[in-house]
1. Just to verify a number: FRET efficiency for Ala137 and Val307, C-beta to C-beta distance, R0 = 41 Å, to 0.05?
2. With each pseudo-label sitting 7 Å past Cα toward Cβ, what's the Asp145-Phe5 distance in nm, one decimal?
3. Got a sec? How would Arg108, Arg142 order by Cβ neighbour count within 10 Å, fewest to most?
4. Mind checking which lysines have their Cα closer than 29 Å to the Cα of Lys18? Skip sequence neighbours fewer than 8 apart in that chain.
5. If you find the alpha carbon centre of region 1-68 and of region 169-239, how far apart are they in angstrom?
6. Counting pairs of alpha carbon atoms under 8 Å apart in space and at least six apart in sequence, what relative contact order in percent does region 1-159 give?
7. Please tell me the relative contact order of the chain in percent, rounded to the nearest whole number, where contacts are Cα pairs under 8 Å and at least six residues apart.
8. Take Leu333, Leu255 and order them by how many other Cβ atoms sit within 10 Å, fewest up front.
Amino acid sequence: MNFGFSEEQELLRAEVRKFLDQNCSLDEVRKIAEKPEGFDRHLWGRMAELGWVGLTFPEAYGGVGLGWVDLVVVLEETGRSLFPSPLISTVLAGTAIERAGSDAQKERHLPGLADGSVVGAFALVEDADSLDADGIALRGARDGDAVRLEGEKLFVPDAPDADLLVVAFRSGDAVDSISLGIVERGAPGLSIDLLPGMDETKPTGRVRFDGVTLQSDAILGPVGGAWPLVSHLIDCGATAVTAELVGTVEGLHALTVDYAKQRIQFDKPIGQFQGVKHPLASAFVDIESFKSLCYYAAWQLDEDPAVASLAASRAKAYASEAAPRFGVDAIQLHGGIGYTWEYDAHLYLKRAKWARPAFGDADHHLERIASLGGL
């Protein structure tokens, strides 16, 4: 049995790598991060034209109809370049609509998400900072056939740039009485504020709902029955973030190895000293380990998404610990230059720090692994 990527997937990787090398150097990443939007609309549009934004969306709605393993190929390369884009957020919003939306909802929203003209976001986390069902307090109160939302969501990835939000809210007193709704930018009562963050290439926002009204055609699936889908979206988000971390840490590892070969101390490259080469070797083992876990999680999302939670949590738990740890080590291995603003190592560390809590930190996913394992 062949566990490697197909020829088509390797060609996809090569094309993504070529596109990013030509259009998004780290100097360009710094410039994009300083823009009010936090990403480049022109590059985003070109990515969409190439089919990468709608890679996992059905062909009937403007997508390519491929799977999560194919998306992982793209995300590894965007992570390696630290490419600022709302790709993960848009894919998650589209996944929610594709899995639970009516035909009318799919026809209305998926083509725009697939062609990049609409930026999506998934609003989940609140004050409780919990990814469990009991952490969702945003209440959807019945108002005839409609639902009125009162409350707020925090740390919503790409919310400041989003044209469409898929929002998780509480529909009843039962712990798992959770619903999903679609809120479009400009809805009365909706406000979005940019939150300060460590990684300027990953903008997050506070979303306030002051009597935002959702009509029945903006509710995804049955009212109160969306928690299994929310759990699936967490699996997808955790896997996607891990895939980007694979590329991010590989990029930082390559940068550090190259520096260790060139930096001379005591008439030798510092890479010859145990205090340098051993951390680099340990990091390589960590990267290969959570990379393999990520690939398996993506395969599970394609083949049997109902049981993908364990694989997704294993991958994210490992990556959430290993990536920031190597980020700190890499800065130290560079010495004084690693702490300077002009050098690129800190950009990778910031991305690793951003990714650590995204869709659950190591503690959350280790607890989830124990629970799924019956402990």
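Every number here is computed from the coordinates shown, using simple stated rules; none is lab data. What you see is a predicted model, and the numbers here were worked out from it, not measured in a lab. Counting neighbours? That spans all protein chains shown, and the Cβs are built from the backbone with ideal geometry, glycine included.
1. 0.90
2. In this crude spin-label approximation the distance works out to 4.8 nm.
3. Lowest to highest Cβ neighbour count: Arg142, Arg108.
4. Qualifying lysines at Cα under 29 Å: Lys31, Lys35, Lys202, Lys261, Lys291, Lys316, Lys350, Lys353.
5. 25
6. Result for region 1-159 is 20 percent.
7. 15
8. Leu255, Leu333
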